[in-house]
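The values are calculated or read from the model by the stated rules, or taken from the named source; none is laboratory data. Source: prediction; values computed, not measured. Cβ placement follows ideal geometry from the backbone for every residue including glycine, while neighbour counts extend to all protein chains displayed.
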Amino acid sequence: MGKFSLRPSMGSRPSSGVFEKSSRPSSGVFSSSSRPSSGVFDIAEIPRSDASEASSRELADLAQDLKALADQAEQHKQHNLDNFVQILSHLNGLPAMLEHLGQIPDAVSLNQTIGQQSQQIADLEARLAASEAAHKEEATAHTTTKDELSHCKANVEAKDERIHHLKSLLTNIDQDVKDARLALETKDLELSTLKTEVSKLNSLVAFQDQEHAQLSDSITAKEDEIKQLHEGLAGNDAELAHTKTVLAQLDAQIESKNQELHSLRTANELTFRQLLESQTASMEQLFQQQTHTTDALTQQIVELKQQVRLQQHLEVNTPPASAPVSPAVSMASNAWGMPGLGMFGGKKPKMHKRSQSQIVIKAPHKFDVPVPTML
């Protein structure tokens, strides 16, 4: 079945014990010969200028020693926990091991193994006790060192605070000096700037005075021009008043002329109407006379035509030598300028059909009546 062993693997640790007492001093972490017997710091032996550096150096050494002690304590604690876990594992494995005893034929070797395990457990318990004692001693030394370190740290902090206060005062004084210098430089710059501005303002004031003088002269000239303009306006007002008077007179004359023109228009219209009525009456009378004259001429033409027809009829029916001439035909012949021969001198007249059928009577001439122009 193989060999069964309850021994844990502890090859990484020394079998003689977890901690060696010879590796650290018996009196504590710090040896009494490494620091003065009168106290942590002796202010009389340390110069005031080097007090802060010595305190800081010793404080750093103490911090390193404290860190080493803390690391050792942590390692011891971890080793103790590992040993305790191993013991518990061995104790927890005992019931299973006892139950397995009946199955192992070699009881002698098993008893030897159990004895060895018991011896190992005893060794582990002794180691645990030694570790606890060493841990208590280290805790006591650590507490003492911690108190000394706190006292030293308080002294160092007080000195550092005083030194820091002095440095702060010195820094503040230096800063005040720098600020004062900067303020002086700033004031100098401001003063030079103000001087430059004052010179510019003086130049500007001189220029403004010159412009003011020019403006005063210009204002005086403008006032003279305004006076002249006022005088001219006064003359213009008089002329305007005279012009208004003349315009009023002209308006009155225009009004009278308009009235005269209106009366003339009325008289012209009345005269035009009377003249038109008289012209119309005279034209009607003339038209009636022309009508009577036209009627008389028409009657004479009809009578002449009858006489011409009668004469033609007589010439056809009677010989020419013995034909008597009536007084009407003789009158007509004389009227046409051919006595004894009639209108055509004994020949048969060739008349156009239109001249035999109708007689065109021209209308009387129109009379142009002058019409007066309306004003």
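Only one of the listed residues (LEU149, LEU170, LEU166) is in a helix (DSSP H, G or I), closer than 30 Å to GLU58 by Cβ, of a type in the set (A, V, I, L, M) and in contact with a Leu (Cβ under 9 Å, 6 or more places away or on another chain). That residue is LEU149. Given the criteria at pLDDT 75 or above, in a helix (DSSP H, G or I) and in the same structural domain as ASP65 (by TED's automatic domain parsing), does HIS142 qualify? Criteria not met by HIS142. You will find that of LYS195, LYS178, the residue that is more than 44 Å from the chain's Cα centre (by Cα) and of a type outside the set (Phe, Trp, Tyr) is LYS178 and no other. Remark: SER56 matches the filter, which requires a residue to be among the hydroxyl-bearing types (Ser, Thr, Tyr), under 27 Å from LEU149 (Cα atoms), at pLDDT below 75 and touching a helix residue (DSSP H, G or I) at 6+ places or on another chain (Cβ under 8 Å).
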